[in-house]
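The values are calculated or read from the model by the stated rules, or taken from the named source; none is laboratory data. This one's a predicted model, so the numbers in the text were calculated from it and none came from an experiment. Ideal geometry is used to build each Cβ from the backbone, glycine not excepted, and the neighbour counts take in all protein chains shown.
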Amino acid sequence: MNWKRFGFIALIIVILFGAVVLVGSVRQEPILIIASMLASTITVATPLTLGALSGIYCERSGVVNIGIEGMMLTAAFFGWLGSIYMNSIFGFDKMPSLIIGVLVAILSSVLMALLHAILSITYKVDQIIGGTVINILALGVTGFLNRQLFFEKGSIFGGNVPHAPGTLPIVHIPAQEAVSAICGWTGNSENCQLVAKAVGQVFDQQPITIAAILLVIVTHFVLFKTRWGLRTRSVGEHPRAADTVGINVIFMRYANVLIGGVMAGLGGAYFTLESVPSFEPGMTNGRGFISLAAMIFGNWTPFGAWAASLVFGAAQALQINMQLYRESIPAQWAFLQSSYVVGMVPYILTMLILTGIIGKTISPAADGQPYEK
Amino acid sequence: MLVYVLGFLGAVLLGTLAIVFFAVLAGKGKGTGQKSVIPPSAGSPLPTPSSAPTRYTFKSIIFSAVDSLLVPLLAVLTAILLGGIVIAVVGGDPFAAYKGLIQGAFGSAKALSETGVWATPYIFAGLAVAVAFKGGLFNIGAEGQLALGAVVAALIGYALPGWLGFDLPAIIHIPLAIGLGALMGALWAAIPGFLKAYTGGHEVINTIMMNYIALNITSFLMNGPMKDPSPTNVIARTPAIAESARIAPLFEGFRVHWGFILALLVAVLIWLLLQKTTFGFEIRMVGSNPDAAKYAGINVKRTIVLTMALSGLLAGLAGAIEVTALNYRHELGFSMGYGFDAIAIALLGKTNPFGVVIAAILFGAMRNGATRMQFLTMIPVDVISIIQALILLFVAADAIIRYIYRIKARGERVTLTRGWGG
Amino acid sequence: MKKLYLVVAVLVMAAMLVPACTPTAPDCTLPEVFCVGMVTDVGKIDDKSFNQSAWEGVQQSKTDGVADWVQYIETTDAKDYDKNIATFADAGYDAIVTVGFALGEATAAAAIAYPNIYFIGVDQFQAWPYDTDTANDIANLAGLNFPEDQAGFLVGALAAMMTETGKIGGVFGTDAVPPVWRFGEGYRAGALYINPDIEIFIVYHSDVGFDKTFTDPEWGAQTADSMIDNGADVIFGGGGKTGNGAVVEAALRGVYAIGVDTDQYYTLPEAAPKLLSSAMKLITPGVAGLIVAAKDAQGGGAAFPAGNYMGLGGYAPYHDLDSVVPADVKTRMEEINAGLLDGTILTGVSPVKP
């Protein structure tokens, strides 16, 4: 990940935002549009970022993981289920239920990761097959259990979906207050207060979103500044060499795949415990695959993957906001009114970016290869 | 009958033309292609045994047939046993469920016909993914290639007579619709192939991206330019294709159509292509060890583009056949995840064309029989996904099956994944 | 190894202990046994949307003693519509409910092929062949439709009267589905009827496949969020779980929410405190009513209401917000409702997206 690449990513996000600001500025303060888009960009990027981090841990240690989608879906379901059980059956309050829900989500995803690890490390099953197994299994198990538990009469909740405890509350970071205080010192202009409001909007995020950003930093530190990271990378690049210097290749791979499971689990919890208090079969809707793309896009680095996730987030924000201001689109740009046209922009951009403008991506050398002593 | 033979030949001809077209296109890059885009780190360090062309003797075929059938068979049985336990645990009757499943899939002539209907797109799409795997490429984009193939086939099917101003005979119209649909799939898949070969863009990302682009293009066309304009139509779909573009059913009164036979023929052709031709050898060589392939004088870049084009051709065929033989139009909402099921089918078939056919029929039978199972026992169809995942799991981790049933390992390992680098 | 066998044996035994509680189906071919089957559109029976509402109607007919046996089949692919309908027809079912406009043609074809079975097509124009001449109707086929444009118009008017910012939002599934389009455009028309200068954000989730458009609550919530960030203070969520995501998000963010299909005060308790009303489309009683009609017709009673059958729609009570909604708004809503019913107010929404 180099500065050139970050520059390109930043440019794209600016272009996407700029398009909406151009169209929407007739009806709304640009600063508020930007704040709104930035806030939703960061939120939408959360599961993608966590999914990509999951991929980074797995692949840096040499295990390809295309089962992130399935791991997230499993976590989304079981986390939601856990929070409901805690809340409705064991009578816990909202917050403890949600926290236990997040833990259950992580645990279920780790179990899926363990399955992947056993298959691909111990049994040396082709790793793409292992991932595909997880994806199909997750879809079947969550769909089946969701039906059995919540729909069929005579099921535990009598065919009614019980009252979910809700979603994780926003963590208030006093950014708005801070900016507004600065405004106070500098003449307290109306524009300055507007900026303060916008900043507040961007900084008020829910816990998993904040955790995702912190985990990006932590992952960067772990991978590139610690012995653990060095060992992980050596196992992913030259397992044999690593083995000869006494690193336990099998252990390192298991451990990293399970850490990947934790990341994907948190990403899954985002769907049912942070975004909306309900589960829907297949609700991850391919975001696990997008996060794989983000990981590769970011050249297997945490910051790169995060930046790439933000591009996808920005693209969704664009797609939503373009429709909000559809009426203000000038006639000569009428084709932009079609949500289909706007809908494909991010994907075309991604492909363009990947065509080597920003240099090649290089995967860990032993990625996907089982290790045999 | 003659119509279909000729139609089939026409499709093959067009497909070949497409391949030649890409060969020429890709060949132009030869001069600049001297510097390797394949990073030195990529690829397996050792050539896998499967990369060398195997000599087939009668004995080896029998041996490998027994070995390669026994384990999958046991895998399927074990998965079904476990699936039965899952059904029983939630209070269902596994015997009734499986009875329903088998009845629905094979229990009558109509059931068999419907299984064939389901299996047809699965065979094509499974072959598409399998061919890409053989070439060391992971085509997640079969879904998009299939959809666009279907759109083009529908367009040719309903609009071409109007453009020309006269009715076409079926003998020309059918191959044209299928062929151009397949060609569209090939073109669509060749783009990520091209990007991979010449810019190093990952086919995995690019095919995912192109799935979304294809989806948006299809939605746009179905809701706008290609929407059936008749006042009675309320759905985002094309007009019905002309009679002359329709492939007939195999038997009167049943829905299974000549496309199924075509699928079987194509599977044989793909096997011949992969095993008996230079191009097939090149695909496998590039797939198993691109570095060695390069030193052996194979144009790796061109092979990558062609492999993807071939893969897309097959996926496009899947879509085109669904339109011309079954639905007679393209409709939004059609094609729910054939592309993703195809990955599982290709893996289950161990990327062998015949294996793919068997896996596709198995998956088709399960999807088809699931309706009757649900009808008889109220057991949700999601159980099928669980069983499919278990089958894939046991087939893939044959070590588990070999351990349970004490079967000695024999034969070669199929290596698909070489990471993302190659 | 022995352990594994033991585990399997224990599991099998445990499985046998679980009583097989699946009731066996009666013989539906017998004339005295009245069986009702339902075929879903591509989607799940538990979609908390049209499939589920229709199924609840079918189940209600069993609870009420109208039907002796009810059963459903979930369609997994559009090519199976005919097959799934035929599965019921061949088993001797007496009435078959098909759900969704996409099954319209398959249902009409089946009604002709099986003249002794009554067909109920939910959200389908079934005045065959789509004309007003009742002589052309298929005698055993009723298309159950709803005045979604009027329901949308009512809640649009309510939203326009309740907004303080002058901005309202609506989050919908794909506009390629006619009922969704009617809800969305009815909402717009109703809001403009009250206040021609009102700012309306309407977003359809058309950029994904049909299988995702109604099942993407996270997208719905995100879209509602954007609207609220842009100043909207009433959000109408229409379209399965996608809309539900928007409704719940709006309530959690503290702005007014408007539900869809049923009175969502009861189905979305998370949103109840801020739920202004719901644009109702009463599928459940509509389906149950037509099943009663089918049984009557089979028994030689009143003729089956063939052709297009208009179900009930409207707006739900204010519930918790009853004290918040001003009296003049309530009066105005009643006037508009009356106007829509007697035809003095027209929504001006075409049945299908042009």
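Screening the candidates A:Leu318, A:Leu266 for the property of being over 14 Å from A:Gly70 (Cα atoms) and either touching a residue at least 60 places away in the same chain (Cβ under 8 Å) or acidic (Asp, Glu) (or both) yields one hit, A:Leu318. Looking only at residues of the range A:315-351 that are at pLDDT 75 or above and either away from chain C (no Cβ under 14 Å) or in a loop (DSSP other than H, G, I, E, B) (or both), we find that the one that is surrounded by the fewest Cβ atoms within 10 Å (Cβ to Cβ) is A:Pro330. Taking the listed residues A:Asn299, A:Asn285, the one that is under 22 Å from C:Gly245 (Cβ atoms), more than 10 Å from chain B (Cβ to nearest Cβ), outside any helix (DSSP H, G or I) and under 17 Å from the mean Cα position of the chain (by Cα) is A:Asn285, with no other qualifying.
Please specify each residue of the range B:310-328 satisfying the condition of being within 14 Å of chain C (Cβ to nearest Cβ) and touching a Phe, Trp or Tyr at 6+ places or on another chain (Cβ under 8 Å).
B:Ala318, B:Ile321, B:Glu322, B:Ala325, B:Asn327
Kindly establish whether C:Ile235 is in the same structural domain as C:Gly169 (by TED's automatic domain parsing), at pLDDT 95 or above and in contact with a Leu (Cβ under 6 Å, 6 or more places away or on another chain). No: the conditions fail for C:Ile235. Only one of the numbered conditions (1) part of a loop (DSSP other than H, G, I, E, B); (2) surrounded by 24 or more Cβ atoms within 10 Å (Cβ to Cβ); (3) modelled with pLDDT of 90 or more is violated by C:Leu144, and that is (1). Applying the criterion of being hydroxyl-bearing (Ser, Thr, Tyr), over 30 Å from A:Gly229 (Cβ atoms) and assigned to a helix (DSSP H, G or I) to the residues of the range A:1-60, the residue that is farthest from the other protein chains (Cβ to nearest Cβ) is A:Ser40. For the range B:329-363, the tally of residues that are away from chain C (no Cβ under 11 Å) and either over 26 Å from B:Ala236 (Cα atoms) or touching a Lys or Arg at 6+ places or on another chain (Cβ under 6 Å) (or both) stands at 21. Annotation for the range A:61-79: at least one member residue is hydroxyl-bearing (Ser, Thr, Tyr), closer than 28 Å to A:Thr167 by Cα and at pLDDT 90 or above. Within the range B:309-339, can you find the residues that are modelled with pLDDT under 90 and under 10 Å from the mean Cα position of the chain (by Cα)? B:Tyr338, B:Gly339, listed by residue number. Any residue at all in the range A:201-210 that's of a type in the set (S, T, N, Q), surrounded by 21 or more Cβ atoms within 10 Å (Cβ to Cβ) and outside any helix (DSSP H, G or I)? Within the range A:201-210, one or more residues are of a type in the set (S, T, N, Q), surrounded by 21 or more Cβ atoms within 10 Å (Cβ to Cβ) and outside any helix (DSSP H, G or I). When each of B:Leu127, B:Leu81, B:Leu101, B:Leu137 is tested for being closer than 17 Å to B:Ile386 by Cα and surrounded by 24 or more Cβ atoms within 10 Å (Cβ to Cβ), the lone residue that passes is B:Leu101. Checked against the criteria, A:Val222 counts as within 30 Å of A:Thr167 (Cβ to Cβ), hydrophobic (A, V, I, L, M, F, W, C) and touching a Gly at 6+ places or on another chain (Cβ under 9 Å). Within the range C:176-207, the set of residues being touching a Leu at 6+ places or on another chain (Cβ under 7 Å) and either without any contact (Cβ under 8 Å) to a residue 40 or more places away in the chain or at the interface with chain A (Cβ under 9 Å from one of its Cβ atoms) (or both) comprises C:Ile198, C:Phe201, C:Val203. Might you check whether a residue that is assigned to a loop (DSSP other than H, G, I, E, B) and outside the structural domain of C:Phe172 (by TED's automatic domain parsing) occurs anywhere in the range C:283-300? Looking for residues that are assigned to a loop (DSSP other than H, G, I, E, B) and outside the structural domain of C:Phe172 (by TED's automatic domain parsing), one finds at least one in the range C:283-300, hence yes.
Counting just the residues of the range B:91-117 that are touching a residue at least 12 places away in the same chain (Cβ under 8 Å) and assigned to a loop (DSSP other than H, G, I, E, B), which one comes out nearest to the other protein chains (Cβ to nearest Cβ)?
So the first thing to find is which residues in the range B:91-117 are touching a residue at least 12 places away in the same chain (Cβ under 8 Å), and the list is B:92-93, B:96-107, B:109-117.
From what is left, the residues that are assigned to a loop (DSSP other than H, G, I, E, B) are B:92-93, B:107.
On the way: B:Gly92: 6, B:Asp93: 5, B:Gly107: 12 Å.
The extreme case among them is B:Asp93.
Regarding B:Gly185, is this residue surrounded by 22 or more Cβ atoms within 10 Å (Cβ to Cβ) and touching a Pro at 6+ places or on another chain (Cβ under 7 Å)? Step through it out loud before you land on a result.
Values: surrounded by 22 or more Cβ atoms within 10 Å (Cβ to Cβ): yes; touching a Pro at 6+ places or on another chain (Cβ under 7 Å): no.
The answer is no for B:Gly185.
Condition (residue is more than 10 Å from chain A (Cβ to nearest Cβ), assigned to a loop (DSSP other than H, G, I, E, B) and touching a residue at least 12 places away in the same chain (Cβ under 8 Å)) applied to the range B:213-226: is it met by at least one residue? Yes, that holds for at least one residue.
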